[in-house]
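Heads up, the thing below is written out as structure tokens.
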Amino acid sequence: MFIDGSWVEGRAEPIQHIHPASGEAIFHAPNADRSAVDAAVTAARTAFDDGPWPRLPGRDRARFLRSIAELIRSDAANLNALLSLDNATPSSFVGFYQMGAEYPADLFETCAGWVDKITGETYPQWEPNQPFTFTTHEPVGVAAIITPWNAPMSLFAQKLAPALAAGCTVVAKPSELSPLVSLRMAELIAQSDLPAGVFNIVTGPGDPVGTALVEDPRVDKVSFTGSRDVGGSIAATVGARIGRVSLELGGKSPALIFADADLGMAVGIAAGNAFLGLSGQVCVCQSRVLAHDAVYDEVVAKLVGFAAAAAFGDPFDPKVSAAPMISTRHMRRVLGHIERAVDDGAQLAVGGGRAENVSTAGNFVAPTVLVDADNSMAVAQDEIFGPVLCVLRFTDEDEAIRLANDTRYGLGAAVYTRDVNRALRVSRALRAGSVGVNSWSLQPHAPFGGMKQSGLGRENGQAGVMEYLETKTTFIS
């Protein structure tokens, strides 16, 4: 762990990392306790209150961020390999932009570009002889960033880069299920010679490590990506002291496929997200496929055919295209969701159990397509976080919009149609933070975040940096 400019040993029993593709223990990660968290927060608090970082000219902070970006790029091959060791992301998919090292490098570079471009405003005198008024934006203070296991490299940078750009000091806590690549990024950040205490990282389970971090009153802001239940608990804890919080809490994103859509493209994006790469363990996975009645059967047939493309095994095998579930516990949870869906009346078109003919003893679940489901069923409402698609039928545009919005989540959505007027009309009506039209993307310069119970705040671009700033109004007579 890295605390106050120095590497320190974990103070609790090391965490054994079981690789999800093999079921074998491959390394031990350091494990913090409450005293380590206290030391990290103390270092960050001191660095913010008394150190140079929040007071540096923006161009100087930008130089540090650009240096970190270059360090990440120079270590890209190593980082990408560590990602496959961490959570079994197939090496064949690590090269995809948002999954590999290029995306976090671009995040640091993009945030560096915003450092000297976020400015305040001046206001005319309200009446003669009234004060001259202007605003400035100042760093919120000490930020705790808590990242999940599914994208430990990308989401680590997605939170850290804007926090540093804003002038905050940081304590990071990656998931105990995938700490390796975050610790390597910490080594690279240490090489950038940030002032001591500006960046700190502690590793360990949510309780006690994450709990201690969230409960510490010296932490001014918490940024968390993870489950809705944990996010709600964090919001309650931080909110009780009127602290700042940003939350990205997952989704149940719909893919609306109209009769005039390019069905091959639509199915390729939706099924590719769910069945390949991280096998649906992605917050923006288009896990509800809403297909127009005229093309419903064809969409289902294409989804079933696509499911056969998933290849399981050693993530370093270039032929492998689909990841296992992150843990045995999570695999059982996903299989339990499928079993309940069938009990509720949904029909299995393909899949439904563990993947067969796999060369390794990992937590692999077969790509699963459920049909004849109702939008009120748990499988259509709960975030399953696995290779499971439920396919719903609609007859007209209004019904498609109603079904799409009938969820407590609002992270992402997609519209597949050749009619540009319909695309714009439907995308406006969808209650989601990001909407793809015949596409899907996540970009370092564009805001990302959710509506409804998918979270609070935005990441990436100017909006992401603003999440770590407070606005101050100054009056001068």
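Structure summary
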{"quantity": "Residue in the range 318-331 that is of a type in the set (D, E, K, R), touching a helix residue (DSSP H, G or I) at 6+ places or on another chain (Cβ under 9 Å) and surrounded by 15 or more Cβ atoms within 10 Å (Cβ to Cβ) present", "calculated": "no"}
{"quantity": "Hey, V214 within 23 Å of E138 (Cα to Cα) and assigned to a helix (DSSP H, G or I) or not", "calculated": "yes"}
{"quantity": "Condition check for T119: hydroxyl-bearing (S, T, Y) and assigned to a strand (DSSP E or B)", "calculated": "no"}
{"quantity": "Unique match (being surrounded by fewer than 24 Cβ atoms within 10 Å (Cβ to Cβ), modelled with pLDDT of 95 or more and within 18 Å of the chain's Cα centre (by Cα)) among G243, G226, G239", "calculated": "G226"}
{"quantity": "One residue from A423, A380, A366 being free of Cβ contacts under 8 Å to residues at least 24 places away in the same chain and either more than 23 Å from the chain's Cα centre (by Cα) or buried (at least 16 other Cβ atoms within 10 Å of the Cβ) (or both)", "calculated": "A423"}
{"quantity": "Condition check for L290: under 25 Å from the mean Cα position of the chain (by Cα), under 30 Å from S233 (Cβ atoms), crowded, with 20+ Cβ neighbours inside 10 Å and not assigned by the TED database to the domain that holds L85", "calculated": "no"}
{"quantity": "W7 being of a type outside the set (D, E, K, R), over 22 Å from the mean Cα position of the chain (by Cα) and within 30 Å of Q462 (Cβ to Cβ)", "calculated": "no"}
{"quantity": "Failed criterion for I234 (all others in (1) surrounded by fewer than 24 Cβ atoms within 10 Å (Cβ to Cβ); (2) on the phi < 0 side of the Ramachandran plot hold)", "calculated": "(1)"}
{"quantity": "Qualifying residue in the range 455-463 (condition: over 17 Å from the mean Cα position of the chain (by Cα) and assigned by the TED database to the domain that holds V222)", "calculated": "yes"}
{"quantity": "Total residues in the range 67-78, condition surrounded by fewer than 17 Cβ atoms within 10 Å (Cβ to Cβ) and in contact (Cβ under 8 Å) with a residue 40 or more places away in the chain", "calculated": "1"}
{"quantity": "Some residue of the range 187-206 being of a type in the set (A, V, I, L, M, F, W, C) and either free of Cβ contacts under 8 Å to residues at least 60 places away in the same chain or in a strand (DSSP E or B) (or both)", "calculated": "yes"}
{"quantity": "Answer from F48, F27 - the residue that is of a type in the set (F, W, Y), closer than 24 Å to D216 by Cα and not assigned by the TED database to the domain that holds S279", "calculated": "F48"}
{"quantity": "Meets criteria (under 25 Å from the mean Cα position of the chain (by Cα) and among the small types (G, A, S)) for A307", "calculated": "yes"}
{"quantity": "Residue within the range 64-79 that is within 24 Å of N363 (Cα to Cα) and either charged (D, E, K, R) or in the same structural domain as A163 (by the TED database) (or both) present", "calculated": "yes"}
{"quantity": "Failed criterion for I476 (all others in (1) under 30 Å from E127 (Cα atoms); (2) of a type outside the set (S, T, Y); (3) surrounded by 16 or more Cβ atoms within 10 Å (Cβ to Cβ) hold)", "calculated": "(3)"}
{"quantity": "Matching helices (runs of 4 or more DSSP H) fully within the range 8-101 where at least 3 residues are closer than 29 Å to V209 by Cα", "calculated": "34-50, 58-74, 76-87"}
{"quantity": "Failed condition for L160, given (1) within 18 Å of L107 (Cβ to Cβ); (2) in a loop (DSSP other than H, G, I, E, B); (3) without any contact (Cβ under 8 Å) to a residue 60 or more places away in the chain", "calculated": "(2)"}
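Okay, residues lined up against (1) crowded, with 24+ Cβ neighbours inside 10 Å; (2) under 22 Å from the mean Cα position of the chain (by Cα); (3) within 30 Å of E9 (Cβ to Cβ):
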{"residue": "W114", "(1), (2), (3)": "no, yes, no"}
{"residue": "W126", "(1), (2), (3)": "no, no, no"}
{"residue": "V181", "(1), (2), (3)": "yes, yes, yes"}
{"residue": "A190", "(1), (2), (3)": "no, no, yes"}
{"residue": "T211", "(1), (2), (3)": "no, yes, yes"}
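To keep it simple, each residue is scored yes or no on (1) of a type in the set (D, E); (2) closer than 30 Å to T417 by Cβ; (3) part of a helix (DSSP H, G or I).
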residue: T237; (1), (2), (3): no, no, yes
residue: L256; (1), (2), (3): no, yes, no
residue: A261; (1), (2), (3): no, yes, no
residue: M265; (1), (2), (3): no, yes, yes
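Conditions (1) over 22 Å from A25 (Cα atoms); (2) of a type in the set (A, V, I, L, M), marked per residue:
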{"position": "D317", "(1), (2)": "no, no"}
{"position": "S327", "(1), (2)": "no, no"}
{"position": "M331", "(1), (2)": "no, yes"}
{"position": "V334", "(1), (2)": "yes, yes"}
{"position": "R354", "(1), (2)": "no, no"}
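The values are calculated or read from the model by the stated rules, or taken from the named source; none is laboratory data. Remember, predicted model here, so these are calculated numbers, not experimental data. Every residue, glycine as well, gets a Cβ built from its backbone with ideal geometry; the counts of neighbours run over all protein chains shown.
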